[in-house]
Amino acid sequence: MIAIDGIGTFEVGDYGLTEGRDYINVPALGVECRFMLDGYEGDAEPSDFRDAMLRFITMSPQVLTDASIHAYAYYTDIRNSGWGDPPEIPSVERVWDFVDFGTDAVVSRRGNGDDRIYISLECGCAWEHEHGLQIVFRNGNFINKVGQFDGHVSNADAFADPSLEDIVYAP
């Protein structure tokens, strides 16, 4: 059992993840999340995980507002593809109304690239039922990636293309 001050207790669970036992309110998302730590044990700076989780819990709703255009671009691409029957989302400002935020937040240190802590949230969305929506928060309080769930923490990693490092949504 691991205790992280201000976050809660964790136990080693399935798939080698250290699973949080507590759900913590994340007001900006309107949900309670449980953290799943990947690579925490043995990390040289485990306090970085704690710091990122605390920033995630207390992030401003503006973080979502700033990423709305990227989530809406994902929606638009799906709508324009002719695949499925996505609902009509009237504006960029309303895109988050069509998202069911996930409750298991995977926290990991990026193995390639910048070595920062990333929090990945797998969500449901009304426009893409099969692949859903992945939102990745760099350092816990900046959305650096949105798109279909692929498990990668950046588009540079997902496409093995360093030029996509600062691209939030890559179709």
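For the reader, a short list of remarks on this structure follows.
- Failed item in (1) loosely packed, with under 13 Cβ neighbours inside 10 Å; (2) in contact with a Gly (Cβ under 7 Å, 6 or more places away or on another chain), with F56 passing the rest: (1)
- Criterion applied to V107, V99 was being modelled with pLDDT of 95 or more, touching a strand residue (DSSP E or B) at 6+ places or on another chain (Cβ under 6 Å) and under 18 Å from Y169 (Cβ atoms), and the one residue passing it is V99.
- L17 satisfies every condition listed in (1) surrounded by 18 or more Cβ atoms within 10 Å (Cβ to Cβ); (2) at pLDDT 95 or above except (2).
- Scanning the stretch 119-131 for residues that are of a type outside the set (D, E) and free of Cβ contacts under 8 Å to residues at least 40 places away in the same chain yields S120, C123, G124, H131.
- The single condition among (1) in a helix (DSSP H, G or I); (2) within 27 Å of P171 (Cα to Cα) that P87 does not meet is (1).
- Restricting attention to the stretch 92-121, the residues that are in a helix (DSSP H, G or I) and either touching a Leu at 6+ places or on another chain (Cβ under 7 Å) or crowded, with 21+ Cβ neighbours inside 10 Å (or both) add up to 2.
- Every residue from the stretch 126-171 that is among the hydroxyl-bearing types (S, T, Y) and either open to solvent by less than 60 Å² (accessible area, probe 1.4 Å) or closer than 26 Å to R50 by Cβ (or both): S154, Y169
- Scan of the stretch 141-168 for residues that are part of a loop (DSSP other than H, G, I, E, B) and within 9 Å of the chain's Cα centre (by Cα), ordered by number: V153
- Test: residue in the stretch 155-168 that is touching a His at 6+ places or on another chain (Cβ under 6 Å) and farther than 28 Å from I7 by Cα: yes
- Close pairs from the stretch 150-166: first within 22 Å of V107 (Cβ to Cβ), partner assigned to a helix (DSSP H, G or I) and open to solvent by 40 Å² or more (accessible area, probe 1.4 Å), Cβ under 8 Å, at least 6 apart: A156/P162; A156/S163
- Residue list for the stretch 24-40, restricted to those being in contact with a strand residue (DSSP E or B) (Cβ under 7 Å, 6 or more places away or on another chain) and either among the small types (G, A, S) or within 14 Å of V106 (Cα to Cα) (or both): I24, E32, C33, R34, F35, M36, L37, D38, G39, Y40
- Close pairs (6 angstrom Cβ cut-off, 6 or more residues apart or separate chains): over 14 Å from P27 (Cα atoms) in the stretch 94-105, in a loop (DSSP other than H, G, I, E, B) anywhere: V95/I89; F98/I89; F98/A126
The values are calculated or read from the model by the stated rules, or taken from the named source; none is laboratory data. The shown structure was predicted, so the numbers you read here are calculated from the model rather than taken from an experiment. All Cβ positions, even for glycine, are placed from backbone atoms using ideal geometry, and neighbour counts span all protein chains on display. When the accessible area is computed, the model is the full protein with side chains, heavy atoms only, and any ligands, DNA or RNA have been set aside. Shrake-Rupley method; radii C 1.70, N 1.55, O 1.52, S 1.80 Å.
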